[in-house]
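What follows is one structure encoded as structure tokens, with my remarks underneath.
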Amino acid sequence: MTYRKPTREETTLIKRSLGRWGAFEFFEGKSLGIHENGSKEVFLLPDDCERVMQMQPYLAGLTIGELKKQFVPSMAGADLFARFGKRNEFYITVNEKAEKLVLYGRDVMGESIVEASGVLGENELVIILNCRLEAIGIGRTRFAGRLLLQIGKITVTTLMDAGYYLREEG
Amino acid sequence: MPALTLIFPESEESADLAARYGYDRWLVSRFREYVPAIQDFMDKMEKAPTQYIRVNTLKTSRAEVEGRLRSKGFGLKRTEIPETLMVEKAPMSAGATNEYLLGHYYIQDLSSCMAVDALDISENQDALDVAAAPGGKTTFMAQRMSNTGQIIALEPDGKRARSMSFNLARCGVYNTCILKMNGLQAEKLQSKFDRVLLDAPCSCEGVISKDATRKTSHTPEDVDFCSSRQDKLIAVAARMVKPGGILVYSTCSFAPEENEMVVDRLLQKSINISVEPTKYGSSGLTRFGDAVFDPQLENARRLYPHLNDSTGFFIARLRVG
């Protein structure tokens with residue numbers, strides 16, 4: 001893997017995204033790196049790791065997301081945002097039954113959502129939280145506002161979930 | 001390669017124990033020389049090892065994990081290591097809970113946690129983990145460092161490095177870099193570290209209770225091979241330590257040739273290295289057969305399944321002057 005520093009343009013995009021997830025302050029003063037391998041992954045780097053970076057590490061720090069047209073958090077990124085960021089309208093909370101399903105990669109039914117902002121739009125990226133406000137997945141809304149809560153319909157598509165580590169590793 | 005592994009004459013007792021428990025005789029004859037209460041030891045090795053989990057305090061607290069797992073029916077008991085809990089009762093696999101998936105704990109043997117504890121690592125230090133995958137000790141080190149400073153983790157095998165990267169991500173570790181590198185090449189890093197952990201590849205005699213094939217599958221030549229490789233690794237690892245820093249050498253083998261003898265040879269070559277006492281386990285050996293070791297080896301520690309309720313382990317904490 002070859003890591004590099006983000007360009008100014010990439011830095012702006014990442015910072016804007018961190019603001020979106022309420023996590024800007026947590027990342028202030030921390031080093032970020034980019035690894036390109038077909039995709040552009042964003043890494044939170046250890047302190048003073050310049051020398052190691054020259055040795056082309058297999059992994060440096062923690063992948064917090066991927067830069068596409070917009071910044072899409074990884075599960076590890078979502079976990080950091082949920083723990084250290086200020087939760088805002090881009091976080092939804094689901095009940096215990098849905099938590100189990102999301103951790104198997106299943107989508108979210110409207111009746112499983114216990115908290116969602118009324119201002120959320122359709123096709124928005126959201127971090128899915130359990131009732132303890134821990135990040136269990138990343139999703140995309142299929143509906144806007146109150147329609148997210150409608151019964152009998154999948155209203156959020158699960159893009160990634162914390163069960164992924166185990167399934168991928170296995 | 002010189003033959004190192006000591007072979008002792010068989011006795012009636014060792015032949016009887018070997019037959020009864022299904023071991024090669026040479027192995028039991030050796031155990032008789034240094035394992036205390038050998039009958040208890042052999043009995044314990046027949047039982048599945050006690051399971052332990054290590055709470056990931058980067059994400060949660062011990063009390064939180066205790067509460068959540070107990071509410072699911074787990075029985076947990078605290079241990080000498082504050083982050084480590086013994087699993088006394090498990091209504092489901094400890095690796096199948098939501099808390100596990102969320103990285104709130106790591107399934108890790110007590111002995112392995114004790115090796116990290118012996119490092120006495122703290123925030124903002126630089127650390128090198130010479131043979132790092134799958135990352136149990138690395139993630140514990142990161143936790144003791146509160147994700148500050150830096151850990152360089154060496155793992156030459158791509159599959160194992162990948163598996164380790166998942167464990168680091170699950171545990172939320174961001175102060176670690178994995179380099180695909182054999183520990184013998186560590187000097188290419190051109191750095192020295194406050195703390196170095198060498199959990200050396202070994203004959204794994206200490207995990208016979210997990211893998212009974214090891215009762216008969218390894219030979220004295222395998223122990224020789226491991227010992228020779230460990231000699232080379234520990235010499236490199238010792239050179240990677242900053243003056244005043246600590247090197248912890250550990251294995252999951254009982255064989256003195258892989259443990260005290262390796263450390264003893266290092267001490268003979270280095271005047272500025274001392275073995276410091278650590279808290280847990282039985283004293284290291286100062287003699288084995290005809291071999292007599294540096295008296296400081298008494299400060300090293302042996303963990304026996306029947307005495308410590310852990311897998312078999314050896315830990316030596318070396319201060320580099």
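Tabulated values for the structure
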item	result
Choice from B:E12, B:E205, B:E276 with maximal GNM fluctuation in chain B (Cα, 10 Å cutoff)	B:E12
Nonlocal amide H pairs with B:D199, under 5 Å, H built at 1.01 Å	B:V130, B:A131, B:S250
Value of [θ]222 nm, deg cm²/dmol, for the protein assembly as shown, DSSP H segments ≥ 4, -39500 (n - 2.57) each, nearest 500	-9000 deg cm²/dmol
Directionally averaged shadow of chain A, computed from the convex hull of its alpha-carbon atoms, nm²	10.1 nm²
Under-5 Å amide H pairs with A:E66, H placed in peptide plane, nonlocal only	A:V42, A:V72, A:S74
Estimated FRET transfer efficiency when R0 is 25 angstrom, pair B:D309-B:R70 (beta carbons, to 0.05)	0.75
Full-extension gain in nm, A:R8 to A:K68, via 0.36 nm per residue minus C-alpha separation	20.0 nm
Eligible aspartates and glutamates near B:K215 by straight Cα distance, threshold 15 Å, same-chain separation 8 or greater	B:D16, B:D24, B:D43, B:E46, B:E205
Tensor-based shape of chain B (alpha-carbon gyration tensor, a/c under 1.5 rounded, otherwise prolate or oblate)	oblate
Gap separating the Cα centres of the stretch A:1-45 and the stretch B:15-85, nearest whole Å	43 Å
Separation of the A:Q54 and A:L159 label points, Cα + 7 Å toward Cβ, nm	3.7 nm
Of A:E41, A:E25, A:E50, the one that fluctuates the most in a GNM where chain A has Cα springs shorter than 10 Å	A:E50
Across B:K137/B:K269; B:K47/B:K89; B:K44/B:K72, pairs whose alpha-carbon gap is larger than 24 Å	B:K137/B:K269; B:K44/B:K72
Efficiency of FRET from Cβ geometry, A:C131 and B:R20, R₀ 35 Å, rounded to 0.05	0.05
Label-point separation in nm, B:S93 to B:S122, each point 7 Å along Cα→Cβ	4.0 nm
Cα centroid separation, the stretch B:176-238 to the stretch B:244-295 (Å)	15 Å
Most mobile of B:G244, B:G73, B:G206 in a GNM of chain B (Cα contacts under 10 Å)	B:G73
Electrostatic dipole magnitude of the stretch B:159-208 [Cβ: Lys, Arg +1; Asp, Glu -1; Cα centre; debye, to 20]	300 debye
Other-chain or far-sequence residues with amide H under 5 Å of A:M109's (modelled H)	A:T155
Relative contact order (percent, whole number), the stretch A:91-169, Cα cutoff 8 Å, 6+ residue spacing	36 percent
The stretch A:58-77 and the stretch A:101-169: distance between their alpha carbon centers, rounded to Å	19 Å
Chain B - percent relative contact order, Cα under 8 Å, separation 6 or more	17 percent
Diffusion constant of the protein assembly as shown at 25 °C, which comes from Stokes-Einstein with the Kirkwood Cα-pair radius and 0.890 mPa s, µm²/s	101 µm²/s
Three-way shape label, the stretch A:91-169, alpha-carbon gyration tensor, a/c 1.5	prolate
Length-normalised contact order for chain A - Cα pairs under 8 Å, 6+ apart - percent	18 percent
Computed label-point distance, nm, for sites A:N88 and A:A144 using a 7 Å Cα→Cβ extension	1.9 nm
For q = 0.10, 0.13, 0.19 Å⁻¹, Debye-computed log10 I/I(0) when each Cα of the stretch B:1-114 counts as one equal scatterer	-0.48, -0.66, -0.89
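All of the numbers you see were taken from the coordinates with simple rules; none came from a lab. Since the model is a prediction, treat every value here as computed from it, not as a measurement. Cβ sites come from the backbone with ideal geometry, for glycine too, and all protein chains shown count toward neighbours.
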